[in-house]
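Below is one structure, written out as structure tokens; comments come after it.
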Amino acid sequence: MKRKFQQYFWCCALVGFLTLTIYGWGVESAQALLRQHHDSPGILRYHSQVSIKDEKGYAWQVLLFKQNYTSAVKDLRLRLVAFPGVVEIAHPQPLLIETAVGKLLSASDAYALTTPVPNVGEYNLTNILSKLSTTDAIKLYVPLFSGQQLVLKISNTIVTEWQWLVTEID
């Protein structure tokens, strides 16, 4: 009787361990990180930076930052950086942003006239960020030179951090 109980216990423990391990692999964690940098001597600026994997498993750097600190209206820019040679972003196509309720928003291409490199895109989010809920995730539809769209899923915690960067840190 004691032996059967021990076998049952260890069997349950193994099943529990395997279940937690398998479900842990399926969860992608992406945590944004507010960083500061020196814009000029004595002037610190902040930006949000996170690494996100696309549906093919390629990593992207996603950065949200304020542009034009000297202006009364500070432009918000979202920079997307893929590994060189993996994708080419189509310029001057807009970035489409899908909210949790299915609403599509369009962010204009900041590199419409000049593109530094084909794997980098930068989009104006000045009028868009205020339209996003902080409690919902979003999807970014990145236009590619091939004519397809690549999807990047942005978690609600990252969107919340973006809102915080805009409202709390100057």
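The values are calculated or read from the model by the stated rules, or taken from the named source; none is laboratory data. As the structure is a prediction and not an experimental result, all values here were calculated from the model. Cβ atoms come from the backbone with ideal geometry, glycine included; neighbour counts cover every protein chain shown. Protein only, heavy atoms only, side chains kept; ligands, DNA and RNA dropped before computing areas. Shrake-Rupley method; radii C 1.70, N 1.55, O 1.52, S 1.80 Å.
Scan the stretch 122-170 residue by residue and report those that are acidic (Asp, Glu) and under 15 Å from Gln67 (Cα atoms).
Result: Glu122, Asp170.
Examine the stretch 103-111 for a residue that is under 19 Å from Thr160 (Cα atoms), in contact (Cβ under 8 Å) with a residue 24 or more places away in the chain and of a type in the set (A, V, I, L, M), and state whether such a residue exists.
Yes - at least one qualifying residue is present in the stretch 103-111.
Given the condition hydrophobic (A, V, I, L, M, F, W, C), over 17 Å from the mean Cα position of the chain (by Cα) and farther than 17 Å from Gln49 by Cα, answer yes or no: does some residue in the stretch 104-112 qualify?
Scanning the stretch 104-112, I find at least one residue that is hydrophobic (A, V, I, L, M, F, W, C), over 17 Å from the mean Cα position of the chain (by Cα) and farther than 17 Å from Gln49 by Cα, so the answer is yes.
List pairs: first residue in the stretch 126-138 and open to solvent by 40 Å² or more (accessible area, probe 1.4 Å), second residue part of a loop (DSSP other than H, G, I, E, B) and aliphatic (A, V, I, L, M) anywhere in the structure, Cβ distance under 6 angstrom, at least six positions apart or on different chains.
Correct list of pairs: Asp136/Ala100.
Could you please give the count of residues in the stretch 149-170 that are closer than 16 Å to Tyr58 by Cβ and at pLDDT 90 or above?
Residues in the stretch 149-170 being closer than 16 Å to Tyr58 by Cβ and at pLDDT 90 or above: 5 in total.
Could you please give the count of residues in the stretch 83-104 that are in a strand (DSSP E or B), open to solvent by less than 40 Å² (accessible area, probe 1.4 Å) and in contact with an Asp or Glu (Cβ under 8 Å, 6 or more places away or on another chain)?
Looking only at that region, the number is 1.
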